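The values are calculated or read from the model by the stated rules, or taken from the named source; none is laboratory data. Keep in mind that what you see is a predicted model, and the values were worked out from it rather than measured. Every residue, glycine among them, receives a Cβ derived from its backbone with ideal geometry; neighbour counts consider all protein chains shown.
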Amino acid sequence: MTDIRIGIWRDQPDLGFLNEVLAIPGGEAAAACIQCGTCSGACPTVRDMDSSPREIVAFVRAGYRDRVLNSNTIWMCASCYACYAQCPKEIKITDFMYKLKQIAMREGYKNPGARRARVLARKFADTVRKFGRNSETRLLLKYFFATGIFSALKYTGMALSLLVTGRLDVFPKKIKGSGEVRAILKRIDEGAAMRR
Ligand code: SF4
Ligand code: SF4
């Protein structure tokens, strides 16, 4: 694969890592990144990331395995696709983030954000499995019980105002066809297990 490394950094480049990440469908487009920062400007969670999406693209191109996989950025990504939608070079940054999460999990990188993101994803899937859709109240209760209920206290004011305005579904109801949703999720789980 063409060496598209840019910049001079202290980390040692890992070309195996670079090639694995760029091998995702459309991944080679990262070579065209002009470091304009539009992706970072569009990202709704960039303030909580330790490296911006623009930096992650640069670090991937530089083959900086540890810097990327230790970063909380890949776990803060909300998969909203705003970066991809606005990138002038149509680089699939969201897909890179998915790939990076897979590698980080496979290789046991321990970022505190990773554990919380995994708990949130698992509780979200459990909620959809049960009701056929998400229930924010149930999801957040389960999430905070699993990760530390005291950290929920700072959101009490917001929760109360959402409750008063009827924006929290305290007693979620199952949708029609929730069994079909469960069957779809079961098929996804089976497919994922076969790929491992
Ligand atoms: S918006 Fe696209 S071209 Fe600009 S820095 Fe981000 S990935 Fe690179
Ligand atoms: S997909 Fe992820 S990285 Fe891209 S804008 Fe959304 S949250 Fe940010």
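Data table
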{"read-out": "Which numbered condition residue 85 misses (of (1) closer than 15 Å to residue 34 by Cβ; (2) within 13 Å of ligand 2 (Cβ to nearest atom); (3) over 16 Å from the mean Cα position of the chain (by Cα))", "value": "(1)"}
{"read-out": "Close pairs from segment 30-52: first free of Cβ contacts under 8 Å to residues at least 12 places away in the same chain, partner away from ligand 2 (no atom under 11 Å from the Cβ), Cβ under 9 Å, at least 6 apart", "value": "none"}
{"read-out": "Those residues of segment 160-174 which are under 15 Å from residue 141 (Cβ atoms), surrounded by 10 or more Cβ atoms within 10 Å (Cβ to Cβ) and either of a type in the set (Ser, Thr, Tyr) or touching a helix residue (DSSP H, G or I) at 6+ places or on another chain (Cβ under 8 Å) (or both), in sequence order", "value": "168, 169, 172"}
{"read-out": "Residue check for residue 78: assigned to a loop (DSSP other than H, G, I, E, B), of a type in the set (A, V, I, L, M, F, W, C) and within 10 Å of ligand 2 (Cβ to nearest atom)", "value": "yes"}
{"read-out": "Residue match in segment 143-151 (condition: surrounded by 15 or more Cβ atoms within 10 Å (Cβ to Cβ), under 30 Å from residue 105 (Cα atoms), free of Cβ contacts under 8 Å to residues at least 24 places away in the same chain and not acidic (Asp, Glu))", "value": "yes"}
{"read-out": "Verdict on residue 150 being within 30 Å of residue 167 (Cα to Cα), more than 16 Å from ligand 2 (Cβ to nearest atom), at pLDDT 90 or above and not acidic (Asp, Glu)", "value": "no"}
{"read-out": "All positions within segment 56-72 that are closer than 20 Å to residue 102 by Cβ and within 13 Å of ligand 1 (Cβ to nearest atom)", "value": "56, 57, 59, 60, 61"}
{"read-out": "Condition met for residue 124 (touching an Asp or Glu at 6+ places or on another chain (Cβ under 9 Å) and in a helix (DSSP H, G or I))", "value": "no"}
{"read-out": "Residue match in segment 43-51 (condition: surrounded by 15 or more Cβ atoms within 10 Å (Cβ to Cβ), within 12 Å of ligand 1 (Cβ to nearest atom) and at pLDDT 90 or above)", "value": "yes"}
{"read-out": "Matching residues, segment 63-101, being among the small types (Gly, Ala, Ser) and buried (at least 21 other Cβ atoms within 10 Å of the Cβ)", "value": "63, 71"}
{"read-out": "Residue check for residue 104: of a type in the set (A, V, I, L, M, F, W, C), surrounded by fewer than 21 Cβ atoms within 10 Å (Cβ to Cβ) and within 12 Å of ligand 2 (Cβ to nearest atom)", "value": "no"}
